[in-house]
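The values are calculated or read from the model by the stated rules, or taken from the named source; none is laboratory data. No experiment lies behind these values; they were computed from the predicted model shown. Ideal geometry is used to build each Cβ from the backbone, glycine not excepted, and the neighbour counts take in all protein chains shown. Ligands, DNA and RNA are stripped out before the accessible areas are found, and what is left, the full protein with its side chains, is counted by its heavy atoms. Shrake-Rupley method; radii C 1.70, N 1.55, O 1.52, S 1.80 Å.
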Amino acid sequence: MSLAVVILAAGKGTRMKSELPKVLHPIAGRPMVQHVVDAAGALSPANTVIVYGHGGDRVREAVTGERLQWAEQAEQLGTGHAVAQALPHLDEDVVLVLYGDVPLIRPETLRRFVGRVNDQSLALMTLELDDPSGYGRVVRDDQGRVTRIVEQKDASDEEKRLREINTGILACTRRFLNDSLPRLSNRNAQGEYYLTDLIAMAVDAGMEIAVDQPDHPWEVDGVNDRVQLSRLERVYQGVRAEALMREGVTVLDPARLDIRGQADVASDVTLDVNVILEGRVSIGPGCRIGAHCVIRDADLGAGVVVEPHSIIDGATVGDHCQVGPFARLRPGTELAAKARIGNFVETKKSSIGEGSKVNHLTYIGDSRVGKDVNVGAGTITCNYDGANKFQTVLKDGVFIGSNSSLVAPVTVGENATVGAGSVITKDVPGNGLAVARGQQRNIENWPRPTKK
C-alpha cells in the first residue's frame, strides 16, 4: 500500500520564548522538524505533507526533502483540524501522522508501526509513564482493548490514574480519515478538534486499535521549552557517541561530544573531550583528535593527529599529517601526506605538499606549496591587494626564513632559500638565496628614553 506522511508543524511554541518557530529550533544543528522529515523519508513515502502555521515562510525555507507538500493551518484549532488541512493533498492508501516537535523518532520504529495498518485496523503509538501528568490517557476495556483516548483536562480522577499515555502518533487508511475527520467535534474543555477522538470512532466502526510502543521512550519525547530541547540534544548525542564506540571509536567522554551532521569515523580513532563534528566529516583509521577541536566538512586520512583547540573547516588532510595546537585550516586547504601545520597557523585555499612544515604563527593563503618545504615562524603570504587575490608558489625543497612576507603573485623556485625578515616581491630562482631587508644602522651611545 502507498504511504503518505503528515507532519504537524504549525504551533507557535510560546514556552520557547522565541521569535523562531518552535519546530525550527535545532537538535544537532538541524531544525527539529528536519529530523522528522528525514526519519519519515527513510520509509520512502509517496508524499509528505507538512502542516505549517506560525512563521510559515521561515519553516518552508528551512526544510528540505523529496516529494514535500505544504498545507497552511491559519487558525490553531487542534490536531484534528491540522490533519484536515492536509487532506486535500492526500491520495495514498495509508496516512502516518507525526509531529514536528518530536524529533528523535527512529525510522525502524515507524516502519514497524506502519506495518500494523490495514482496512480493519488503526495503529496507535502509546507509552507507559510513571508520571503521566499532562498527557492524554489510553482507556481500555476489561479485555485490554483500547476504547478511546481522554485528554488530561477532560479526564476523571480514575482516568487520571492510568499510566498508559497517547503519544499522538497514529496511522490509518486515508479512507478512514476522509470519513471521520469531518465528524470531529470541539465539545471539550479546550474547544479544539482532537485527532485522538478518531480512536473512539474506529472502535465504533468495529476496527482494531493496533497498539505499538517505541523501543526507547525518548523517541516520542516532545519539545515545549528550551530545557526539553537541551535534554533531547544530549540524548541524541549520547546515541551517536554510543554508536561510534560500538564501531571501534574511543570517545573519552560521551557527554562531551557533539555530532552535527554526517560523520564517518573509522576504527581506532580517539576523540577527546569537547570535539565537535559538523556537516560531512570523514575521519580515517587511527586518527587522534585532541580536546576542543572543531572539524567541519572535512576529510582526514589515516593516522592524522589534530592537537587541541584546532579548527579544520572545508579541508582535506592526508595520511599521517599533524595539525595544531591552535591551528585553523580554512576551506580549500589540502594537506598531502605527512605535512605538518603547527600552532597559530592559518591556511586558506592552499595546497601543502608531502612532508612540508608550516609550524608557527604563519598565514598561508591562495598558495601552492611543494614537497619538503619549511616555512619559518611569522611568515605571511600577502595574497590580497584590497581588491583582488593572487597566488604564491613555493616549489619543492624551499626554505622560508622567519618573519618573511611573500607578496603575491610570486614564485620561489625549487630548493631556494629566503632569508629571515625578508619582504619578497619578485620571483626567486631555484637554488638561490633571496634577502630583502632594510639596511641596519647602529647608533653608538644612544640615550634611551626615560619616563617623564
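Sorting the Cα pairs of region 169-273 by distance into bins of 10 Å, from 0 upward, gives 11, 27, 22, 17, 15, 7, 0 percent per bin.
Viscosity 1.306 mPa s, temperature 10 °C: what is the translational diffusion coefficient of region 192-251 from Stokes-Einstein with a Kirkwood Rh over Cα pairs, rounded to a whole number of µm²/s? Calculated translational D: 105 µm²/s. Quick one: Debye curve from the alpha-carbon atoms of region 232-312 only, equal weights, vacuum; give me log10 I(q)/I(0) at q = 0.21 Å⁻¹ to two decimals. Log10 I(q)/I(0), no solvent term: -0.87. Rg over Rh for region 299-452 works out to 1.07, using Cα positions for both radii and the Kirkwood form for Rh. Shown here is the pair-distance distribution of region 346-400: with all Cα-Cα distances grouped in 10 Å bins from zero up to the longest one, the shares run 27, 59, 13, 1 percent. log10 I(q)/I(0), Debye, Cα-only region 212-346, no solvent, q = 0.09, 0.14, 0.17, 0.18 Å⁻¹? For the requested q values the scattering log ratios are -0.28, -0.62, -0.84, -0.91.
From its DSSP helices (H runs of at least four residues, each -39,500 (n - 2.57)), the chain gives a residue-normalised ellipticity at 222 nm of -4500 deg cm²/dmol.
For region 108-236, the relative contact order comes to 31 percent (Cα pairs under 8 Å, sequence separation of at least 6).
Solvent exposure of the chain, expressed per residue, is 49 Å² of accessible area, with all protein chains present and a 1.4 angstrom probe.
Surface composition of region 138-189: carbon and sulfur atoms hold 39% of the protein heavy-atom accessible area at a 1.4 Å probe.
Using a/c under 1.5 as the rounded threshold, could you call region 1-158 rounded, prolate or oblate? The axes a ≥ b ≥ c are square roots of the C-alpha gyration tensor eigenvalues, and prolate needs a/b larger than b/c, oblate otherwise. Oblate shape, in that a/c is at least 1.5 and b/c is the bigger or equal ratio.
Count Lys and Arg as plus one, Asp and Glu as minus one, and take only other residues whose Cβ is under 11 Å from that of G290; the net charge is then -1. Filter the GluC sites (Glu not before Pro) in region 240-307 down to the DSSP loop ones having no more than 14 other Cβ atoms within 10 Å, then list what survives. Hits after loop and neighbour filter: E247.
Each part gets one Cα centre, and for region 296-320 versus region 216-282 those centres are 19 Å apart. PRE reach from D119 (point 7 Å along Cα→Cβ): which of region 1-19 fall under 15 Å by backbone N? Correct set: 1-2. From the list [x] 104, 53, 42; [y] 96, 41, 38; [z] 63, 59, 48, can you say which value of Cα extents along the principal axes in Å was derived from the structure given? Among [x] 104, 53, 42; [y] 96, 41, 38; [z] 63, 59, 48, the one derived from this structure is [x].
Okay, which of region 393-421 sit inside 11 Å, backbone N to the point 7 Å along the Cα-Cβ direction of H360? Taking a point 7 Å out along Cα→Cβ of H360, the residues of region 393-421 whose backbone N falls under 11 Å are 402-403.
Counting only DSSP beta bridges with both residues in region 26-106, the antiparallel share comes to about 25 percent. Taking all Cα pairs closer than 8 Å and separated by 6 or more residues, the relative contact order of region 289-375 comes to 20 percent. Loop-resident trypsin sites (Lys or Arg not before Pro) (DSSP state other than H, G, I, E or B) in region 8-75 with no more than 16 further Cβ atoms inside 10 Å of their Cβ: K12, K17, R67.
Among the protein heavy atoms, those of H216 account for about 70 Å² of accessible surface (1.4 Å probe, every chain in place). Atom-type composition of the exposed protein surface of region 335-452 places 49 percent of the accessible area on carbon and sulfur (1.4 angstrom probe).
For region 385-452, report the % of Cα-Cα distances exceeding 16 Å. Cα-Cα pairs of region 385-452 separated by over 16 Å account for 55 percent.
All alpha carbon pair distances within region 87-170 were sorted into 5 Å bins beginning at 0; the resulting P(r) in whole percents reads 3, 12, 20, 22, 19, 14, 7, 2, 0. Each of C287, C382 has its accessible area taken with a 1.4 Å probe; listed largest first, they run C382, C287.
For region 1-77, GluC sites (Glu not before Pro) meeting the loop criterion (DSSP other than H, G, I, E, B) and having at most 11 other Cβ atoms within 10 Å: E19, E66, E75.
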